[in-house]
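The values are calculated or read from the model by the stated rules, or taken from the named source; none is laboratory data. If you're wondering where the values come from, they're calculated on a predicted model, not measured in any experiment. Here the Cβ positions follow ideal geometry from the backbone for every residue, glycine too, while neighbour counts run over all protein chains shown.
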Amino acid sequence: MNIRLNKVKNFGKRVLAFLLSVTIISQMIDFSVLSPNAAGNTQTDITTENNNAKPENNEAESENEISESIPIDEDVVLEDLDIAENYTLTGDIDVQNLNLRGGTLNLNNHTLTVHGNADFTGGVLYVNKGYLECLGNCSFSNTGCDLKMDNVNDYILVNGTFTWNRAYNNYITNGTIELKGDFFDNSNYSYYFVSHSDNKVILSGNTKQTLTFNSANTYFESLEINNTSDEGIYANLPIAAGKIIRNGHNITYPVAGKFGWTLERDQTIDGDLYLIGDELNLNGHTLTVTGNLVQGAGRVNVNNGTLNVEGDYRLQSYTISNEEKVYNYSVGQLVMTNESDRVNIGGDFVTGSVKGHDGKLTNGVMTVKGNFTQLNTGSEQNFAASNNHKVVFDGSEKQTISFASGRYDQSHFANVEFNNSSEDGIEITGTAVAVGEISNSESNITGYIDADTTATFRNNSVKGNIHFSRSYTLSDNLTINGDVK
C-alpha cells in the first residue's frame, strides 16, 4: 500500500529559499552590537527589542516558519489510496483517489479528504466519529461493501455525484451524509439505499440536484433540503422518507403538483389536484375537488373536516407516457382519527401507498361510489382501518372491491356498510376482511366477505356470502342470506 501525503515535488526549492532568507537577515543585522562592551556586558537594548523573536537555532520552529512563509508548490502530488485489508487512520490525510476493495477502513475520529473520486467496491467504510470529504464522485457498489455510520459525529460530504448500487445498508443508523451533487440509487431488486434511526441526509447544492431511483425501497430516515438554487431538487419518483425538512426550498417531479396547506375556510379546487408533499390539513373545513385527487406524497389530515372528491381519489403518483397517465406508488398517508372526519368519493378509491396506515384510519366515515382497490406496492398495511372507522359503499352502478394484501393483521376494513342500489351490486375479489361491524340488508354481493374473530353483524343478520377465516364464536343467533365457508 503506497501513499504520499502532501509532499512537495521539489523540496530543494524550500531549502534554497530558507538559505536565502538567512543570508538576507544576516546582512541586515549588525552583529557587533552583540559583542561584549568595555564593561564585559552584553547590550541590553537589542535583547529588549527582540524579546519575542523565535530562536533561530530551534529546528522545529524554523521548519514550521518555512512551511508558513513559503506557499506549497502548485504541483503537489497526491497519490491514490488503494485498500484491500484493514486500515485505520492515525491522523488526518489527503489522497487523490480512494478505492476500498476489502478490509475495514476505519476513519477513527480523523479526516480523510479525497481530492478525486472515492469508490467502495468491497469491505467496510467505518466512519467512527470521523469525517470523509470527497471533492469528486463517491460510489458504493457490490453487496460485499458496507457503509457503517453509528455515531452522531459521523460525517460524509460529497461534492460530486453520490451513487449507490446494491451495497449493504443495515449500518446507516446515525451521523450525517451531505450531498452537493446528484443522488443515484441504481439498485434494481435488493440492497437499496436505506438510512435508519437517527441518520440524516442533507441536500445542499447551489445548482439543481437530481435524485434518481427505481422504487420506494430507496428510503431516507430524515431528508433535509438546503439547496439554494431556484431549480432546487428534482426527483424522478416520490421520495420515500420518514420526514422531509424542506426549509421552504423546492422539490419537483416529472408532473407538476402542489404542496399541502392548512385550510382557513371552505375551499373548492376546480379540476384535478396532485399533491406532492407536506400536509393538507382540512382544519375543520370542507375541501371539494371537482376532478381527481392524486396523492403522490404528503399527508391528508381530515382533522374534523370534510373532503369531497367528485372524481377518483388515488394514493398514487403518476407520469405521462404517450399522453397517458402511468401510475406508480405513493409515499402519502390519509389520516382519519376524529368522529366527524368525512371523505366522500364520487369515483374510485385506490391506495398504492408505501406508508403503513396502522393507527391512521381509526375514526370517521369514508363513502365510495366507485371501485375500491388496495395495492401492495411496498406496504401490506396501507389500508389498516381500526376502531370506529367505517367505509360505506353506496354506488348506483356495479362496484368492485379488491385487496392485494387482505388479512386481519394487514389491510382490512374496520366497519363496512353496503348500500349499493344497482342490480349488479358489489363484486368482491380476493380477500376483503372486516374486523368490526358488517352491515348489508339490500345490496347484491358476489364473492365473500371475510369476517374476522372480532367482527359483528348489524341486527344479527347479513345478506351475502360470509367466510370465517379464523375461529368465530356466536354471541347470539345469526341469519346469513348467502353461502358460508
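Go through segment 439-483 and tell me which strands (runs of 3 or more DSSP E), entirely inside it, have 1 or more residues that are small (Gly, Ala, Ser). Give the derivation first.
Working: elements: 448-451, 461-463, 465-467, 479-481.
It comes to 448-451, 461-463.
Please state which one of ASN371, ASN344, ASN363, ASN387 is surrounded by fewer than 18 Cβ atoms within 10 Å (Cβ to Cβ) and free of Cβ contacts under 8 Å to residues at least 60 places away in the same chain. Quick ask: steps written out before the conclusion?
Details: ASN371 fails: surrounded by fewer than 18 Cβ atoms within 10 Å (Cβ to Cβ); ASN344 fails: surrounded by fewer than 18 Cβ atoms within 10 Å (Cβ to Cβ); ASN363 fails: surrounded by fewer than 18 Cβ atoms within 10 Å (Cβ to Cβ).
Selected residue: ASN387, the only one of ASN371, ASN344, ASN363, ASN387 that is surrounded by fewer than 18 Cβ atoms within 10 Å (Cβ to Cβ) and free of Cβ contacts under 8 Å to residues at least 60 places away in the same chain.
Looking at segment 427-466, which of the residues that are on the phi > 0 side of the Ramachandran plot and touching a residue at least 40 places away in the same chain (Cβ under 8 Å) is surrounded by the most Cβ atoms within 10 Å (Cβ to Cβ)? Even if it seems obvious, please write down each step before you answer.
Residues of segment 427-466 on the phi > 0 side of the Ramachandran plot: 430, 447, 459-460, 464.
Right, trim to touching a residue at least 40 places away in the same chain (Cβ under 8 Å) and you get 447, 464.
Working: GLY447: 18, GLY464: 22.
That would be GLY464.
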Completion exercise
The one condition THR429 fails out of (1) assigned to a strand (DSSP E or B); (2) in contact with a helix residue (DSSP H, G or I) (Cβ under 6 Å, 6 or more places away or on another chain); (3) modelled with pLDDT under 95 is (2)
Exercise for the section: Taking GLY296 as meeting all but one of (1) touching an Asp or Glu at 6+ places or on another chain (Cβ under 8 Å); (2) crowded, with 19+ Cβ neighbours inside 10 Å; (3) not in a loop (DSSP other than H, G, I, E, B), write down the number of the exception. Expected result: (1)
Exercise for the section: Write out, first by first residue and then by second, each pair whose Cβ atoms fall under 8 Å of each other, whose residues are 6+ apart or on separate chains, and whose first residue, in segment 243-259, is closer than 16 Å to GLN316 by Cβ and touching a residue at least 60 places away in the same chain (Cβ under 8 Å) while the second is among the aromatic types (Phe, Trp, Tyr) and surrounded by 15 or more Cβ atoms within 10 Å (Cβ to Cβ). Expected result: TYR253/TYR234; VAL255/TYR274; VAL255/TYR318
Handout entry: Total residues in segment 304-341, condition surrounded by fewer than 16 Cβ atoms within 10 Å (Cβ to Cβ), among the polar types (S, T, N, Q) and on the phi > 0 side of the Ramachandran plot
Key = 1
Practice task
Look at segment 404-418 and say how many of its residues are buried (at least 24 other Cβ atoms within 10 Å of the Cβ) and among the aromatic types (Phe, Trp, Tyr).
Solution key: 2
Practice task
Kindly check whether there is at least one residue in segment 392-415 that is at pLDDT 95 or above, in contact with a His (Cβ under 7 Å, 6 or more places away or on another chain), assigned to a loop (DSSP other than H, G, I, E, B) and not aromatic (Phe, Trp, Tyr).
Solution key: yes
